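Student: My questions will all concern the structure given below.
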Amino acid sequence: MVATPAHLRRSAITLGNDEVLRIRNDFPILQQHVNGKPLIYLDSGATSQNPLSVLEAEQEFYEQRNSAVHRGAHHLAVEATEAFENARETVADFVGAEWDELIWTSNATEGLNLLTYSFLNASLPGAAPEATRFALAPGDELVVTEMEHHANLIPWQELAARTGAVVKFIPIDDAGALDLEAAAGIIGPRTRILAFTHASNVLGTINPVAALVALARSAGALVVLDACQSAPHLPLDLKALDVDFAVFSGHKMLAPTGIGALYGRSELLNAMPPFLTGGSMITTVTMERAGFLPSPQRFEAGTQRISQAVALAAAVNYLSETGMDRIHAWEAELGQRLVQGLESIPGIRVLGPAAGQERIGLAAFDVAGVHAHDVGQFLDSRGIAVRVGHHCAQPLHRRLGLTATTRASTYLYNTTDDVDAFLNAAADVRAYFQA
Ligand SMILES: Cc1ncc(COP(=O)(O)O)c(C=O)c1O
């Protein structure tokens, strides 16, 4: 008998439908009906929903503590600063980082732009001596992968266009995995940065971080991890993964929009030039020049997203109390159920790893003869929310010979009944459109 791989085995560490039903009670938005049907929310890959504890944390901040941070000497200012910095410690701890290695951003996209603009500043004449290690010269290589979200592609293209560096990419194979043999040939002495997604928002593939970090290290390149689709869904220890930088978005992990984070090794952050400049990030200012604080203030110019940071800390507390290993195990089950079910429907092509192979709890698919937008509207008529389009991954869709797909993505509040209702509806799509 062939043993079930460990990551697919149902074990005591998974959640189970009964617990998920209890979890759902914490999410007011999930109680509603859409088009006369109970809402089935399968679009958490785009944005997740908020439990009451997160909504209350933000409201409590405004009712009890609202004030600017790091500025005032009054009672509220001290409380707000404490809440803001405690939130930083909580979130840093959640991803295995130190507090001064976590910089607040609006989202992952801003974190990646912060990095690329900082590297651009390091490449300009007059950059501080400690920053020149980040300077790029014509012919330097920035390596990404063919499965990147535009957020982890376009900033590198723009940086390359401004410095003369070249963007190269690691291709995927037909099963949606990175071609590591090709990667070994692409990453070489001119590679300065390797930026890749931990988990694909389209394919569901979980990339082999250790193998990629090893290739980057042997070339002396910096490693940037897009953890947008991993931080919400699996236990994440950035120190253990040994990456130099990572980004993630709060709204994909039960927090409100408007808050995300950039992680960086502190030794690197403190040598990098700031991206935005202004109040709250300086030591001394004269009419001619300014000195900059160390990380994290170095990268947090102006009034910050304080209540959102507090809410993100409440979100990671909710995730930690539920258990990231249990969430990961449950979503792996839901992901397999999605893929197995979709693969059994005639005319549906599922992207990414086949059933039985490791993936996060989402599946993007093409329905022969029916445009993804029509699929999405049909599912919506049954109360089912999914994402349609290119999912901000046009090059990946082009590689797969597609322009748009439909994506169902799960989270800790989805039951197997949600997946089955979705599969039943997906099975009716082609007949409805007479495709
Ligand atoms: C893999 C990945 N990277 C980056 C992003 C960008 O996230 P945001 O729009 O929150 O900056 C997303 C969002 O869908 C994503 O899935």
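The values are calculated or read from the model by the stated rules, or taken from the named source; none is laboratory data. Predicted model only: the values in this text are computed from it and were never measured. Note that each Cβ is placed from the backbone with ideal geometry, even for glycine, and that neighbours are counted across all protein chains shown. The accessibility values were calculated without ligands, DNA or RNA, using every heavy atom of the protein model including side chains. Shrake-Rupley method; radii C 1.70, N 1.55, O 1.52, S 1.80 Å.
Student: Of the numbered conditions (1) in a helix (DSSP H, G or I); (2) over 21 Å from S230 (Cα atoms); (3) touching a residue at least 40 places away in the same chain (Cβ under 8 Å), A435 fails exactly one; give the number of that condition.
Tutor: (1)
Student: With the condition kept exactly as written, say whether any residue in segment 379-394 is in contact (Cβ under 8 Å) with a residue 60 or more places away in the chain, over 21 Å from E146 (Cα atoms), away from the ligand (no atom under 16 Å from the Cβ) and more than 27 Å from the chain's Cα centre (by Cα).
Tutor: The answer is yes, given that some residue of segment 379-394 is in contact (Cβ under 8 Å) with a residue 60 or more places away in the chain, over 21 Å from E146 (Cα atoms), away from the ligand (no atom under 16 Å from the Cβ) and more than 27 Å from the chain's Cα centre (by Cα).
Student: Check F196, F169 and return the single one that is open to solvent by 10 Å² or more (accessible area, probe 1.4 Å), of a type in the set (F, W, Y) and touching a strand residue (DSSP E or B) at 6+ places or on another chain (Cβ under 7 Å).
Tutor: Selected residue: F169, the only one of F196, F169 that is open to solvent by 10 Å² or more (accessible area, probe 1.4 Å), of a type in the set (F, W, Y) and touching a strand residue (DSSP E or B) at 6+ places or on another chain (Cβ under 7 Å).
Student: Something else about it: In segment 396-425, which residues are outside any helix (DSSP H, G or I) and either open to solvent by 20 Å² or more (accessible area, probe 1.4 Å) or closer than 30 Å to I170 by Cβ (or both)?
Tutor: So in segment 396-425, the residues outside any helix (DSSP H, G or I) come out as 400-415.
Those that are outside any helix (DSSP H, G or I) and either open to solvent by 20 Å² or more (accessible area, probe 1.4 Å) or closer than 30 Å to I170 by Cβ (or both): L400, G401, L402, T403, A404, T405, T406, R407, A408, S409, T410, Y411.
Student: Here are V91, V78: which of them is assigned by TED's automatic domain parsing to the domain that holds Q304, part of a helix (DSSP H, G or I), within 16 Å of the ligand (Cβ to nearest atom) and over 28 Å from G389 (Cβ atoms)?
Tutor: Answer to the check: V91.
Student: A further question on this structure: What pairs come up if the first residue lies in segment 79-97 and is open to solvent by 30 Å² or more (accessible area, probe 1.4 Å), the second is among the charged types (D, E, K, R), and their beta carbons are under 8 Å apart, counting only those six or more places apart or on different chains?
Tutor: What qualifies is E79/R65.
Student: Mind listing whichever residues of segment 268-326 are touching a helix residue (DSSP H, G or I) at 6+ places or on another chain (Cβ under 8 Å) and at positive phi?
Tutor: Of everything in segment 268-326, just one residue is touching a helix residue (DSSP H, G or I) at 6+ places or on another chain (Cβ under 8 Å) and at positive phi, namely S280.
Student: Need the failing condition index for Q157 against (1) away from the ligand (no atom under 13 Å from the Cβ); (2) touching a strand residue (DSSP E or B) at 6+ places or on another chain (Cβ under 7 Å); (3) in a helix (DSSP H, G or I); (4) closer than 25 Å to I360 by Cα, just the number.
Tutor: Failed condition: (4).
Student: Could you name every one of the strands (runs of 3 or more DSSP E) located completely within segment 233-310 that has at least 2 residues being within 16 Å of the ligand (Cβ to nearest atom) and either open to solvent by 60 Å² or more (accessible area, probe 1.4 Å) or in the same structural domain as N107 (by TED's automatic domain parsing) (or both)? Reasoning before the result, please.
Tutor: Values: elements: 245-249, 260-264, 282-285, 290-292.
Answer list for segment 233-310: 245-249, 260-264.
Student: If you don't mind, another one. Taking the residues in segment 329-346 that are among the polar types (S, T, N, Q) and in a helix (DSSP H, G or I) as candidates, determine which candidate is least open to solvent (accessible area, probe 1.4 Å).
Tutor: Of everything passing the filter in segment 329-346, Q336 is least open to solvent (accessible area, probe 1.4 Å).
Student: Any chance you could count how many residues in segment 103-127 are open to solvent by less than 30 Å² (accessible area, probe 1.4 Å), in contact (Cβ under 8 Å) with a residue 60 or more places away in the chain and within 16 Å of the ligand (Cβ to nearest atom)?
Tutor: 8
Student: Determine whether segment 358-380 contains at least one residue that is among the aromatic types (F, W, Y), open to solvent by 40 Å² or more (accessible area, probe 1.4 Å) and either closer than 19 Å to N424 by Cβ or not in a helix (DSSP H, G or I) (or both).
Tutor: no
Student: Hey, another quick one. Determine whether segment 212-224 contains at least one residue that is within 16 Å of the ligand (Cβ to nearest atom), assigned to a strand (DSSP E or B) and more than 13 Å from the chain's Cα centre (by Cα). Break it down into steps so the answer makes sense when it comes.
Tutor: Within segment 212-224, the subset within 16 Å of the ligand (Cβ to nearest atom) is 212, 223-224.
Pick out the ones that are also assigned to a strand (DSSP E or B) and you get 223-224.
Right, trim to more than 13 Å from the chain's Cα centre (by Cα) and you get 223.
Looking for residues that are within 16 Å of the ligand (Cβ to nearest atom), assigned to a strand (DSSP E or B) and more than 13 Å from the chain's Cα centre (by Cα), one finds at least one in segment 212-224, hence yes.
Student: Answer with yes or no whether R430 is charged (D, E, K, R), in contact (Cβ under 8 Å) with a residue 12 or more places away in the chain and within 30 Å of I154 (Cβ to Cβ).
Tutor: In short, no.
Student: Return yes or no: is G45 within 30 Å of I282 (Cβ to Cβ), assigned to a loop (DSSP other than H, G, I, E, B) and not hydroxyl-bearing (S, T, Y)?
Tutor: no
Student: Just a yes or no: is a residue in segment 128-147 open to solvent by 70 Å² or more (accessible area, probe 1.4 Å), modelled with pLDDT of 95 or more and assigned to a strand (DSSP E or B)?
Tutor: No: zero hits.
Student: Determine if segment 22-35 includes at least one residue that is in a helix (DSSP H, G or I), more than 22 Å from D380 (Cα to Cα) and in contact with a Ser or Thr (Cβ under 9 Å, 6 or more places away or on another chain).
Tutor: yes
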